[in-house]
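Here's the structure, in structure tokens; my notes come after.
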Amino acid sequence: MTTRVADLAFARPGDKGNDADLSLFAPDRATYDLLVEQVTADRVRAHLGHLVAGEVRRWEVPHVLALKFLCTDALAGGGPSSLRADNLGKTLAGALLTLELEGVDAPPRARPPVDPYRHADWRLERPSP
């Protein structure tokens, strides 16, 4: 059986010049431990293939149950100097979520935490003259 990372975790992208910064967040410690074991820098590099011309480095951030990946030379120049449609690497996080893990039984799809401000009234009122 195979399970996509998207069924287990959430991802956030970022960019720094010509480098892409991808963070993968687990919803719980057991999932984090599984991701640490299976989502290695080498696997991410192989999965992203030709999109990353440089190396992929990984950092473990256990206090927030996250893995951080730095993909160097991944944006064909980055920002305004890149001719890629995704010159900021935003879709690389989505690509990372398609990585398939072998021998993992996926739980029901993970959901983001409930927004504690979902009922807040954010209307701005002008002060009385």
Looking at this structure, is residue 31 buried (at least 16 other Cβ atoms within 10 Å of the Cβ), of a type in the set (S, T, N, Q) and touching an Asp or Glu at 6+ places or on another chain (Cβ under 8 Å)? no
Given (1) out of contact with any Lys or Arg (no Cβ under 8 Å at 6 or more places or on another chain); (2) within 11 Å of residue 69 (Cβ to Cβ), identify the lone condition not met by residue 55. (1)
I need every pair where a residue in region 34-50 that is free of Cβ contacts under 8 Å to residues at least 40 places away in the same chain and under 14 Å from residue 22 (Cα atoms) has its Cβ under 7 Å from the Cβ of a residue that is surrounded by 12 or more Cβ atoms within 10 Å (Cβ to Cβ) and aromatic (Phe, Trp, Tyr), sequence separation at least 6 or different chains. 41/69
Within region 40-59, does at least one residue satisfy the condition of being surrounded by 15 or more Cβ atoms within 10 Å (Cβ to Cβ), at pLDDT below 90 and either over 20 Å from residue 3 (Cα atoms) or of a type outside the set (A, V, I, L, M, F, W, C) (or both)? yes
Test residue 13 against the criterion of being touching a Gly at 6+ places or on another chain (Cβ under 6 Å), under 17 Å from residue 93 (Cβ atoms) and of a type outside the set (Phe, Trp, Tyr), and give yes or no. yes
Mind counting the residues in region 9-52 that are under 13 Å from residue 74 (Cβ atoms), assigned to a loop (DSSP other than H, G, I, E, B) and in contact with a strand residue (DSSP E or B) (Cβ under 9 Å, 6 or more places away or on another chain)? 1
Regarding region 68-86, can at least one residue be identified that is at pLDDT 65 or above, closer than 17 Å to residue 36 by Cβ and in contact with a helix residue (DSSP H, G or I) (Cβ under 7 Å, 6 or more places away or on another chain)? yes
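The values are calculated or read from the model by the stated rules, or taken from the named source; none is laboratory data. Keep in mind the model is a prediction, meaning the values are calculated, not measured. Ideal geometry is used to build each Cβ from the backbone, glycine not excepted, and the neighbour counts take in all protein chains shown.
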